[in-house]
1. Can you confirm whether residue 39 is small (Gly, Ala, Ser) and within 26 Å of the chain's Cα centre (by Cα)?
2. For the stretch 307-324, give me the residue count where each residue is over 17 Å from residue 296 (Cβ atoms), outside any loop (DSSP other than H, G, I, E, B) and free of Cβ contacts under 8 Å to residues at least 40 places away in the same chain.
3. For residue 151, all conditions in the list (1) surrounded by 15 or more Cβ atoms within 10 Å (Cβ to Cβ); (2) of a type in the set (Val, Ile, Thr); (3) free of Cβ contacts under 8 Å to residues at least 60 places away in the same chain hold save one; what is the number of the exception?
4. At least 2 residues that are assigned by TED's automatic domain parsing to the domain that holds residue 42 and away from the ligand (no atom under 12 Å from the Cβ) in each: list the strands (runs of 3 or more DSSP E) lying fully within the stretch 54-149 that qualify.
5. Got a number for residues in the stretch 1-29 being away from the ligand (no atom under 12 Å from the Cβ), outside any helix (DSSP H, G or I), small (Gly, Ala, Ser) and modelled with pLDDT of 95 or more?
6. Residue by residue through the stretch 325-346, note down the ones that are in contact (Cβ under 8 Å) with a residue 60 or more places away in the chain and in a loop (DSSP other than H, G, I, E, B).
7. Just one of 281, 297 is touching an Asp or Glu at 6+ places or on another chain (Cβ under 7 Å), in contact (Cβ under 8 Å) with a residue 40 or more places away in the chain and surrounded by 16 or more Cβ atoms within 10 Å (Cβ to Cβ); which is it?
8. Do we find a residue being away from the ligand (no atom under 16 Å from the Cβ) and more than 24 Å from residue 299 (Cβ to Cβ) anywhere in the stretch 198-206?
Amino acid sequence: MLLSGPADFDRVDAVRASADALLVGAGTIRADNPRLLVGSPERRAVRLAEGRPEHPLKVTVTATGDLDPGARFWHTGGDKLVYTTDRGAARAARLLGGAADVVPLGPDLDWRALLGHLHDERGVGRLMVEGGGSVHTQLLRQGLADELQLVVAPLIVGDPRAPRLFGPGRYQEGRLRLVETRRIEDVVLMRYEPTAPGTGPLPTAADRHWLRTACELAALCPPSETAFSVGAVVVAADGTELARGHSREGDDPVVHAEEAALAKIDAADPRLPGATVYSSLEPCARRASRPAPCAELILRAGVRRVVTAWREPDTFVPGADGTGVLVRAGAEVVVLPAYEALAKAPNRHLLG
Ligand SMILES: NC(=O)c1ccc[n+]([C@@H]2O[C@H](COP(=O)([O-])OP(=O)(O)OC[C@H]3O[C@@H](n4cnc5c(N)ncnc54)[C@H](OP(=O)(O)O)[C@@H]3O)[C@@H](O)[C@H]2O)c1
């Protein structure tokens, strides 16, 4: 059953053309026998002119390795990659006979390992996942999707066996952020981003979103030769932003970002213990300008999770270790070095 019309298929084609890799589960290859290509010659030409392959890398996942070597997936487009388990690898390699690279990821397929391998070994920065339900379910439940594009078609499907977009399970608390709605002929596209922070040491897509926001806030800081420019956001477990702040905001020439953000929240707010503080620079451990450093303020507020981009250098306080202060008090600190350059950008003049 075709749910979309020509204009929406063309939109999908454009999204495909923007991706480095396209992924579907083995169930979708079996059910739909997709080619998974960029259809537009103009878009393919642009990719080539940019020095990219004509078609994105095609990726599938399988535990059993039970893949039909006659499927169109293997005989169209450019490179193909199969992620599988140790158990499925031999079968997939035997069935496909060189039509795809087969990568076993251990006894079970770990999605973070898969995404890490795609990024590190195949240079994939943007992955488009086109189903099916079991794959969507895992990526959404594990907080690994940066964006969800949902298209609603004016069709009512009564068959209880019809495939579902998502299966049962526990998803992020709270609401996704609606970033766009677009009418496309008679269907409507809705784009959402996850908002709820992760809950442990492993970063989620929402963690990356909020940390980027904190890094961007640092650009608002009045310039200084004697202090870093830092941005911070405090986000409740359900993805509600509780407050944000940046260094030297308002009329306070010495206020720190985390301090400014926390000051805007009622200390009795019951959401604080489940909240995450995102800070472009790790919270300070010692400071001359105020009695309590930010690591201490965070602990006093009851917050137990901090995500940061950049460990504090020795520029102003030698051996500052806000992360150590937080961790010793039982808080979780997640450092995402991928955002370090962004966090440093407004501080370049201080770093020599
Ligand atoms: N409307 C749309 O736009 C759209 C798009 C795509 C798909 N669909 C529909 O979705 C349905 C297919 O969805 P589906 O949920 O049945 O299948 P699927 O998600 O495409 O693929 C499921 C298969 O992927 C492999 N897999 C998934 N997670 C894995 C993991 N963690 N480790 C190892 N292997 C894993 C397994 O393959 P093995 O069984 O080989 O081990 C599993 O059976 C079809 O009816 C299709 O038409 C619709």
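1. Values: small (Gly, Ala, Ser): yes; within 26 Å of the chain's Cα centre (by Cα): no.
No: the conditions fail for residue 39.
2. Residues of the stretch 307-324 over 17 Å from residue 296 (Cβ atoms): 307, 309-311, 313-316, 318.
Subset that is outside any loop (DSSP other than H, G, I, E, B): 307, 309-310.
Next, only the ones that are free of Cβ contacts under 8 Å to residues at least 40 places away in the same chain stay: 310.
Of the residues in that region, 1 qualify.
3. Single failed check for residue 151: (3).
4. Values: elements: 57-62, 80-84, 101-104, 127-129.
Fully inside the stretch 54-149 and qualifying: 57-62, 80-84, 101-104.
5. Count: 2.
6. 336
7. Working: 297 fails: in contact (Cβ under 8 Å) with a residue 40 or more places away in the chain.
Unique residue meeting the criteria: 281.
8. Yes - at least one qualifying residue is present in the stretch 198-206.
The values are calculated or read from the model by the stated rules, or taken from the named source; none is laboratory data. Given the structure is predicted, the values throughout are model-derived calculations rather than measurements. As a convention, Cβ positions derive from the backbone with ideal geometry for all residues, glycine included, and neighbour counts pool all protein chains shown.
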